[in-house]
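What follows is one structure encoded as structure tokens, with my remarks underneath.
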Amino acid sequence: MATKMLNMSALNLESECKEIHDSWGQLNQLALALASRTRLERQQIRETYKAIYGEDLANRLQKADQMADNRKQAAAGVGVSPKLCAALSMWMIEQHERDAIMIQEALDDQQGDTNYSALVEIFVGRKSSQILLIKQAYQRRFRRQLDQDIIHIEPPHPYQKILVALVASHKAHQADISQHIAQSDARRLYETGEGSSGPIEAVVLEILSKRSIPQLKLTFSCYKHIYGHEYTEYLKTRNSGEFENAMKTVVQCIYRPATYFATILYASIKGSMTDKGALARVMVNRAEVDMDEIRREFKRQHGIELRDALCDSDKIPFGDYRDFLVALTASK
């Protein structure tokens, strides 16, 4: 079915949905076919499937994930890994729906700790209009206010303050970016950091809360241009506490996202990441954003193509799940 779906010159939605329904026990074929579909094509397939069969395709995949995870593959009607079902169900839903679910999972991490990296990736990587959709999806799905859930994270952590500032920035910032403001903010960062021995937290949080992500990216670029090194280099040399360590991650995610995600992927592929959901999260979330840049940066850092690293990894089980991740590397 995968080859047939990929080679069709135009979508025959009803026919494709029938093939999906009839081949439910071979989700590996479905996964490889859908990995090449655009967001709009996946949305059309999902809507048509529901119209014909009265069931949401993403929800069915999620149920299959849960049942497979409980070793009830026979009852689920599938013989695939729960990881594949989970990744494919995330791939099939709209980005703001996916982000809302990932935020809730990050806030209620199974290991008992808030997954701040996952939260930062979303709030840094989305436009303000997208954040609004995420908040609406979060409230609709979980009957809670996202802003309040972040404010009331327990136990308190410096990441929490940074996230609150980033949430505020999506409400308050101007759309246009300014070179003058970026240079001014870069000098403020220097004067309260390298230019003094005092605390940096108040000024950093103020800037984060008032500037857009593109404006912040320009600020960190100006910092390097004016002072000859990146702001993260200063943070590395400072007698770092939790706030400074958190800011290293945030700044890299803002200023060099491809480098940040290539590093995350390499650690996940090698099995050194404590965040076991990072691999699928990054592959699914960045496939249609900046996968080309991440692939190039991955090869520059590690001398190997991302797809080859995935195929060669002994930490990723051979089979359908790995094949799906490899297919996502070809996304534009």
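The values are calculated or read from the model by the stated rules, or taken from the named source; none is laboratory data. Since the structure is predicted, the reported quantities are computational estimates derived from the model, not experimental observations. Neighbour counts are summed over all protein chains in view; Cβ atoms, including those assigned to glycine, are modelled from backbone coordinates with ideal geometry. Accessible surface areas use protein heavy atoms only, side chains included; no ligands, DNA or RNA. Shrake-Rupley method; radii C 1.70, N 1.55, O 1.52, S 1.80 Å.
Any chance segment 294-308 includes a residue that's over 30 Å from Glu233 (Cα atoms) and open to solvent by 30 Å² or more (accessible area, probe 1.4 Å)? Please lay out each step first, then the result.
We begin by selecting, within segment 294-308, every residue over 30 Å from Glu233 (Cα atoms); these are 307-308.
Of the ones still in play, those that are also open to solvent by 30 Å² or more (accessible area, probe 1.4 Å) are 307-308.
Checked segment 294-308: at least one residue is over 30 Å from Glu233 (Cα atoms) and open to solvent by 30 Å² or more (accessible area, probe 1.4 Å).
How about segment 199-208: which of its residues are open to solvent by 30 Å² or more (accessible area, probe 1.4 Å) and either of a type in the set (Asp, Glu) or under 24 Å from the mean Cα position of the chain (by Cα) (or both)? Even if it seems obvious, please write down each step before you answer.
First, pick out the residues of segment 199-208 that are open to solvent by 30 Å² or more (accessible area, probe 1.4 Å): 199, 201-202, 205-206.
Answer for segment 199-208, where residues must be open to solvent by 30 Å² or more (accessible area, probe 1.4 Å) and either of a type in the set (Asp, Glu) or under 24 Å from the mean Cα position of the chain (by Cα) (or both): Glu201, Leu205, Glu206.
Has segment 35-55 got any residue that is among the aromatic types (Phe, Trp, Tyr) and modelled with pLDDT of 85 or more?
We begin by selecting, within segment 35-55, every residue among the aromatic types (Phe, Trp, Tyr); these are 49, 53.
Going one step further and asking which of them are modelled with pLDDT of 85 or more, we end up with 49, 53.
Yes.
Would you check if Ser196 is within 26 Å of the chain's Cα centre (by Cα) and either among the small types (Gly, Ala, Ser) or at positive phi (or both)?
Details: within 26 Å of the chain's Cα centre (by Cα): no; either among the small types (Gly, Ala, Ser) or at positive phi (or both): yes.
Answer is no for this residue.
Could you tell me which of the residues Arg256, Arg187, Arg211 is of a type outside the set (S, T, N, Q) and either closer than 22 Å to Asp290 by Cα or touching a Lys or Arg at 6+ places or on another chain (Cβ under 7 Å) (or both)? Can you show your working first?
Details: Arg187 fails: either closer than 22 Å to Asp290 by Cα or touching a Lys or Arg at 6+ places or on another chain (Cβ under 7 Å) (or both); Arg211 fails: either closer than 22 Å to Asp290 by Cα or touching a Lys or Arg at 6+ places or on another chain (Cβ under 7 Å) (or both).
Among Arg256, Arg187, Arg211, only Arg256 is of a type outside the set (S, T, N, Q) and either closer than 22 Å to Asp290 by Cα or touching a Lys or Arg at 6+ places or on another chain (Cβ under 7 Å) (or both).
Report yes if some residue within segment 281-290 is more than 22 Å from Asn28 (Cα to Cα) and either within 18 Å of the chain's Cα centre (by Cα) or assigned to a helix (DSSP H, G or I) (or both); otherwise report no. Walk me through it before giving the result.
Going through segment 281-290, the residues more than 22 Å from Asn28 (Cα to Cα) turn out to be 289-290.
Okay, now just the ones that are also either within 18 Å of the chain's Cα centre (by Cα) or assigned to a helix (DSSP H, G or I) (or both), so 289-290.
Yes, because at least one residue in segment 281-290 is more than 22 Å from Asn28 (Cα to Cα) and either within 18 Å of the chain's Cα centre (by Cα) or assigned to a helix (DSSP H, G or I) (or both).
Give the residues of segment 150-167 that are assigned to a helix (DSSP H, G or I) and surrounded by 16 or more Cβ atoms within 10 Å (Cβ to Cβ), sorted by residue number.
First, pick out the residues of segment 150-167 that are assigned to a helix (DSSP H, G or I): 150-151, 158-167.
Ile150, Pro158, Tyr159, Gln160, Lys161, Ile162, Leu163, Val164, Ala165, Leu166, Val167, listed by residue number.
Return the pairs, sorted by first residue and then second, in which the second residue is open to solvent by 10 Å² or more (accessible area, probe 1.4 Å) and small (Gly, Ala, Ser), the first residue lies in segment 317-332 and is farther than 16 Å from Leu27 by Cβ, the beta carbons are less than 9 Å apart, and the residues are 6+ apart or on different chains.
If the second residue must be open to solvent by 10 Å² or more (accessible area, probe 1.4 Å) and small (Gly, Ala, Ser), the pairs left are Ala330/Ser36; Ser331/Ser36.
Sort out which residues of segment 216-247 are free of Cβ contacts under 8 Å to residues at least 60 places away in the same chain, of a type in the set (D, E, K, R) and surrounded by fewer than 17 Cβ atoms within 10 Å (Cβ to Cβ), and write them in order of number.
Lys224, Glu233, Lys236, Arg238
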